[in-house]
Each structure stands twice: as structure tokens, then as C-alpha cells.
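Every number here is computed from the coordinates shown, using simple stated rules; none is lab data. This one's a predicted model, so the numbers in the text were calculated from it and none came from an experiment. Cβ atoms come from the backbone with ideal geometry, glycine included; neighbour counts cover every protein chain shown.
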Amino acid sequence: MIDAVIMKGPGGGIIGVRVRGHSGYAARGSDIVCAAVSAIVQTAVLGLKDIPGVVVQDRTGDGELDCLVQTVPEDARRQVDAILNTMVLGLQDVARSYSRHVRVRITQHSGGV
């Protein structure tokens with residue numbers, strides 16, 4: 001199962017995501033659920049990195065991806081929020097369709113990526 005943990009900061013806004021696992025929906029290389037989750041999260045990370053002044057700490061590995069937004073200039077806050085909220089909507093939609101394969105949880109940030 002894929003476990004996607006959405007991290008919220010002290011102000012209630014989304015500040016990062018931690019994704020672990022494989023869906024087990026199909027064989028690796030043919031798994032549309034893993035591909036969907038990966039595409040949603042990696043596209044969000046690319047979008048965040050494209051915003052001037054936004055600093056993102058991210059790491060990827062086999063069956064895992066971490067992303068934590070470190071710095072957001074005030075004039076970029078709306079863009080960052082839009083990207084992260086859209087990422088959550090996409091992940092939640094996949095989880096609704098494939099509930100035995102994807103879980104999305106929202107937690108308060110506890111430090112470290």
C-alpha cells in the first residue's frame with residue numbers, strides 16, 4: 001500500500017508530503033496506481049521548484065518521496081498553496097478510487113524530511 005502523509009505547518013497550511021510504499025495493484029512497471037501517485041507528487045515538486053524564491057528540500061528513492069517546503073516568499077504564497085492543495089486533491093481522488101492501494105493522511109509537521 002502507498003501511504004501519503006500530508007504535513008501541515010503551525011498556521012494550518014500544507015508544507016510538505018511524505019510518500020512511502022508500492023500500491024501492489026499491478027507488477028512494477030505496469031502499476032497505474034503507483035504511476036498516478038508518483039506523477040501527482042513529482043509534478044507538484046517540479047512546480048514548487050519553478051517558483052522564484054521558493055526553497056524545497058526533496059528526496060526520492062525506490063518507493064519513497066519526501067518534499068518539505070523550506071522557504072516561501074510572501075508574494076509566492078498563493079502559488080505554493082495552489083500547487084500543494086491541488087496535489088492533495090489529486091492524491092485523495094486516487095485514494096478514493098483505489099482505497100485498498102493508497103491511503104492519504106493529514107498530520108501536523110513534526111520536523112525533518
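List of remarks:
- Comparing Ser99, Ser30, Ser38 in a Gaussian network model of the chain where C-alpha atoms under 10 Å apart are linked, the largest mean-square fluctuation is found at Ser30.
- Charge tally for Ala39 (other residues, Cβ to Cβ under 13 Å; Lys, Arg +1; Asp, Glu -1): -2.
- P(r), alpha carbons of the chain - 5 Å bins starting at zero, rounded %: 2, 12, 25, 24, 19, 10, 5, 2, 0
- Across the chain, the longest run free of exposed loop sites, meaning trypsin sites (Lys or Arg not before Pro) lying outside DSSP classes H, G, I, E and B with no more than 14 other Cβ atoms within 10 Å, spans 29-99.
- Angle of helix 77-97 to the longest C-alpha principal axis of the chain, folded into 0 to 90 degrees and rounded to 10: 10°.
- Only DSSP H runs of four or more residues enter the estimate; each adds -39500 (n - 2.57), and after division by the residues of the chain the mean residue ellipticity at 222 nm equals -12000 deg cm²/dmol.
- For the chain, the dipole from Cβ point charges (+1 on Lys and Arg, -1 on Asp and Glu) about the Cα centre works out to 320 debye, to the nearest 20.
- Antiparallel DSSP beta bridges within the chain, as percent of all bridges there, nearest 5: 70 percent
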